[in-house]
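These notes concern the structure reproduced below.
Only the coordinates and a few stated rules stand behind these numbers; no lab work does. No experiment lies behind these values; they were computed from the predicted model shown. Because the Cβ atoms are built from the backbone with ideal geometry, glycine has one as well, and the counts that use them run over all protein chains shown.
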Amino acid sequence: MTRQMTGAKMVVQALKDQGVDVVFGYPGGAVLPIYDEIFQQNDIRHVLVRHEQGAVHAAEGYARSTGKPGVVLVTSGPGATNAVTGLTDALMDSIPLVVLTGQVPTFMIGTDAFQEADTVGITRPCTKHNWLVSDTKNLSDTIHQAFHVATSGRPGPVLIDIPKDVQFASADYVGPQKARTHHYQPQVKGDIEGITDLVAAIEKAKRPVFYTGGGVINSGPAASQLLRELVEATGIPITSTLMGLGAYPASGKHWLGMLGMHGLYEANMAMHGCDLMINIGARFDDRITGRLDAFSPDSTKAHIDIDPSSINKVIKTDIPIVGDIAHVLEDVLKVWKSRGRKVNGEGLAKWWARIEEWRKVDCLKFKQQGKTIKPQYALHRLEELTKGHDRYICTEVGQHQMWAAQYMGFEGPNRWMTSGGLGTMGYGFPASIGVQMAHPEALVINVAGEASWLMNMQEMGTAVQYRLPVKQFILNNERLGMVRQWQELLHGERYSSSWSEALPDFVKLAEAFGAKGILCKDPADLDDAIMEMLDYDGPVIFDCLVEKHENCFPMIPSGEPHNKMLLGEVSTKDAIKEGGAVLV
Amino acid sequence: MSPLKIKKGSSKHSAYNLRPQFSDVQETHTLAVIVDNEPGVLARVIGLFSGRGYNIDSLTVAEVDHTGHTSRITIVTTGTPQVIEQIKAQLGRIVPVHEVHDLTVEGASVERELALLKVEGEGDKRVEALRLADIFRANAVDSTHSSFVFEITGAPEKIDAFAELMRPLGLVEMARTGVAAMSRGL
């Protein structure tokens, strides 16, 4: 049975048929017919953000924390251009989004009409795919295809540009089952030869390491489960990128912590010294590899990725496997078991002994002394006081992000929302709103820096309007901390424009929006203040004044390999005092 | 010196621009890309090349299947073997791309290009131009008392050679289609 309906109604119907329950958006002239349809139904909730960038990040938070695609609805022109940062962010981090933009009527396209922009042109390089729908009869089919493209293969953001006359005109609605099957069907099963080679390498390896990434999370909960099974069964140490945290639990005994520029000493040393590196759903990002010609010099490298273009992009791979992580890991386990569950026990024991030596460096140690809160201490306490909760953590971008990754533990996938690839300041707050919409009962905390947080602070209005009890935990050092750190280390301590002047009073700011503000500057008050934040049923801005000149360590200085890490001032000083080997 | 053992502000390194030691031999490859003939598809392909810093030596495109609405894009590109592999993988992940063929590695192939050359001259030069055109099997498709337009088809090298010969004889204008290519046999 076919149903005639307007384009605007079709949009809402197609979203319902795709199982969408929340849309993040902002109305405007070119999407009014769709907003009119949203008004006349109750199945889909619309969250009115305060800026279109916020809508896209909120949808990213929703998608990352649920595994479902996030949906955004914005108007033409500025609505679409404001969404560009979020689209690029989602593309870099492979987050599935379906973004619907209004467009001026087809007969006005190309006339420089009011609020006209070449949206498909502008967003072509920052979406996985996009469409301009010029006829209502193609609209429902296009929306179903868009969901397919956004969620299959390597996920990513897609955009559908819908001219206003297409929203008004009527045509037959096509349901998801009847939609044309798109030829886009990426390979999910891994090549069995590669899998057998990998298993053979695992059996022989003396110093293997799993290096996992966001691909494990994107592959779904089954991938995390299979990864855990594989790690436990083989006893191979595992590290992860920023994007992959939580796929293997932080409390797991094979866990080395995060790797990379601000990764843990033991994780980076293991990467440098391994003889078999098994990359699962990561992409050898420059924040991970450091100097490429000295990257893990003696290892055989296996790489499992659903995107063939990730393989051999920057690092030459010896065992490439193209496929979905869950499918490939299932086959790896099957083959490994069928061949007798072999590992190089003697080699592994020696390898773990070396890793234990590295662990003794205790690269994350810090000393909380005096009357100023160390940011590490603040996150350590936040972790201790919240780890039992049903908890989701978002971050902005900078030092606080790295400290959150270092000092907070993630036990499951989809619990950690951060802007990894693009490094978008202003991501975390709207993302926390998206997460809270998806998980109304959960504790959602955005670990932020004051500078990042201000970039999308207008979303306080959204949090208050929808009674979303998101906790904004701001480590306030009155500096653009990471910029300041690089200026200290690389630019002769000339702190060009890297301090935050004229900051608002965050407590009053919270109150002005009708939320709660908490100021904490004394380490002795910290626990009570955090408990006050947790006990409050509503959005909170927690202004935590921290040490202003703290640097984030460990750090692989740019242009150096993994074994040339800088450790924190504390541990470096101690090492000198003891007259022992200087580790830097 | 800071306790960090690096002199502050002294690093000459940047986090970027650290190319690995892949082979730096430049190779020229001809790629045939089958795409859905939908709006913007050529922009996607070209945008990929410009956005990621790849070279396009030549590019041709036309719809080849009017019922299935697929087009064939023939791209001649130059890069290191690793870059060529990346180009193919990146092309492959564009949603409306159906197939990517590297004709340079998939066995023998034929490559043809069409060019129009306008040659201006009188007297001996004019006769010589006509004689050379005959040797190269180029056709005169337009003629005045003082000019010819030659049409020549062949591999790009043949057209280059013909153009070089025409230059001293009064070559004033040239239009080339770019390469169309196809593998030999089945």
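What value does region B:49-143 have for Rg/Rh, both radii from Cα atoms and Rh as Kirkwood defines it?
1.13
Taking Cα pairs under 8 Å and at least six residues apart, what relative contact order does region B:135-186 come out at, in percent?
22
Just to confirm the number: angle between the C-alpha axis of helix B:156-166 and the first principal axis of chain B, 0 to 90 degrees, nearest 10?
50
Chain B: Rg/Rh from Cα coordinates, Kirkwood Rh?
Result: Rg/Rh = 1.17.
Which Cα, out of A:A59, A:M271, B:M166, lies furthest along the positive dipole direction of the protein assembly as shown (beta carbon charges, K/R +1, D/E -1)?
Of the listed residues, the answer is A:M271.
Between B:E173 and A:R467, what is the label-to-label distance in nm when each label sits 7 Å out along the Cα-to-Cβ direction?
7.5
Set the bar at 31 Å for Cα to Cα. Now go through A:K68/A:K178; A:K387/A:K521; A:K360/A:K471; A:K164/A:K508 and name every pair that lies beyond it.
In this structure, A:K360/A:K471; A:K164/A:K508 lie more than 31 Å apart at Cα.
Taking the beta-carbon count within 10 Å as an exposure proxy, list A:Y407, A:Y427, A:Y265 from fewest neighbours to most.
The order, fewest Cβ neighbours first, is A:Y407, A:Y265, A:Y427.
Convert 37 °C to kelvin, take the viscosity as 0.692 mPa s, use the Kirkwood radius over C-alpha pairs of region A:182-328 as Rh, and evaluate the Stokes-Einstein diffusion coefficient in µm²/s, rounded to a whole number.
The calculation lands on 219 µm²/s.
Could you sort the peptides A:12-21, A:151-160 by per-residue average Cβ neighbour count (10 Å cutoff), highest mean leading?
Listed from highest to lowest mean packing, they are A:151-160, A:12-21.
Please find the FRET efficiency linking B:V105 to B:K125, where r is the Cβ-Cβ separation and R0 is fixed at 45 Å, and quote it to the nearest 0.05.
0.55
Got a sec? How would A:C520, A:C274 order by Cβ neighbour count within 10 Å, fewest to most?
Going from sparsest to densest Cβ surroundings: A:C520, A:C274.
Treating the angle as unsigned and between 0 and 90°, give the value, to the nearest 10°, between the Cα long axis of helix A:192-204 and the longest Cα principal axis of chain A.
The answer is roughly 20 degrees.
Under 10 Å, Cα contacts only: if you run a Gaussian network model on chain B, which one of B:T104, B:T67, B:T80 comes out with the highest mean-square fluctuation?
The residue with the greatest mean-square fluctuation here is B:T67.
How big is the dipole moment of region A:371-431 about its Cα centre under a simple scheme where the beta carbon of each Lys and Arg is +1, that of each Asp and Glu is -1, and everything else is neutral? Debye, nearest 20, please.
I would put it at about 200 debye.
Sorted from largest down, what three extents in whole angstroms do the Cα atoms of region B:109-183 have along their principal axes?
Here the spans come out as 43, 17, 17 Å, largest first.
Once you average over the residues of A:487-499, how many Cβ atoms of partner chains fall within 10 Å of each Cβ?
Across A:487-499, the average partner-chain Cβ count within 10 Å equals 3.
Quick check for me: using +1 on Lys/Arg Cβ and -1 on Asp/Glu Cβ, what's the dipole size of the protein assembly as shown about its Cα centre, in debye to the nearest 20?
Dipole size: approximately 1640 debye.
Projected onto the charge dipole of the protein assembly as shown (+1 at Lys/Arg Cβ, -1 at Asp/Glu Cβ, origin at the Cα centre), which of A:G153, A:Q458, A:I518 gives the Cα projection farthest towards the positive end?
My answer, from the dipole projection, is A:I518.
May I ask you to work out the translational diffusion coefficient for the protein assembly as shown at 10 °C, viscosity 1.306 mPa s, via Stokes-Einstein with Rh from the Kirkwood sum over Cα pairs, reported in whole µm²/s?
Calculated translational D: 55 µm²/s.
Based on DSSP H runs of at least 4 residues, each adding -39500 (n - 2.57), what is the mean residue ellipticity at 222 nm of chain B after dividing by all its residues, to the nearest 500 deg cm²/dmol?
Mean residue ellipticity, 222 nm, calculated: -7500 deg cm²/dmol.
Within 10 Å of each Cβ in A:309-316, how many Cβ atoms from other chains are there, averaged over the peptide?
Rounded to a whole number, the mean comes out at 5.
In Å, what is the Rg of the alpha-carbon atoms in region A:74-211, and how long is Dmax?
Final numbers for Rg and Dmax: 20.1, 67 Å.
Mind ranking A:301-307, B:93-99, A:209-215 by how tightly packed they are, going by the mean number of other C-beta atoms within 10 angstrom, highest first?
Result, highest mean Cβ count within 10 Å first: A:209-215, A:301-307, B:93-99.
Given Cβ point charges of +1 (Lys, Arg) and -1 (Asp, Glu) and nothing else, what value in debye, to the nearest 20, does the dipole of region B:109-183 about its Cα centre take?
Dipole size: approximately 80 debye.
So if each residue of separation counts as 0.36 nm, and I subtract the Cα-Cα distance between A:R339 and A:I44, what length gain in nm does that give?
Value of the extension gain: 101.1 nm.
Relative contact order for chain A using alpha-carbon pairs under 8 Å, separation at least 6, rounded to a whole percent?
14
Sorted by average packing, counted as other Cβ atoms within 10 angstrom per residue and highest first, what order do A:107-119, A:131-143 take?
Ranked by mean Cβ neighbours within 10 Å, highest first: A:131-143, A:107-119.
Using only DSSP helix segments of four residues or longer, with each worth -39500 (n - 2.57), what per-residue ellipticity at 222 nm results for chain A after dividing by its residue count and rounding to 500?
Value at 222 nm, helices only: -11000 deg cm²/dmol.
What is the Rg over Rh value, at two decimals, for region B:27-102, using alpha-carbon atoms and the Kirkwood definition of Rh?
That ratio is 0.95, to two decimals.
Could you tell me what % of all Cα pairs in region A:153-228 have separations over 15 Å?
Distances greater than 15 Å cover 78 percent of the Cα pairs.
Any idea what angle helix B:41-51 forms with the longest principal axis of chain B, computed on alpha-carbon atoms, 0 to 90 degrees, nearest 10?
60
Can you work out the FRET efficiency for the pair A:A502 and A:D537, with r the C-beta to C-beta distance and R0 = 30 Å, to the nearest 0.05?
Taking R0 as 30 Å, the efficiency between A:A502 and A:D537 is 0.40.
Determine which residues of region A:323-349 fall in the zone a paramagnetic label at A:A222 would reach in this model, i.e. backbone nitrogen under 16 Å from the point 7 Å along Cα→Cβ.
A:323-335
In the protein assembly as shown, with Lys and Arg counted as +1 and Asp and Glu as -1 at Cβ, which of these residues, A:T127, A:P105, A:A201, has the Cα nearest the positive end of the dipole, that is, farthest along it?
Going by the Cα projections, it comes out as A:A201.
Listing B:S183, A:S240, A:S419, A:S76 from the residue with the fewest other Cβ atoms within 10 Å to the one with the most, what is the order?
Ordered by Cβ neighbours within 10 Å, fewest first: B:S183, A:S76, A:S419, A:S240.
Could you compute the FRET efficiency for A:E384 and A:L32, with r as their C-beta to C-beta distance and R0 at 60 Å, rounded to 0.05?
0.75
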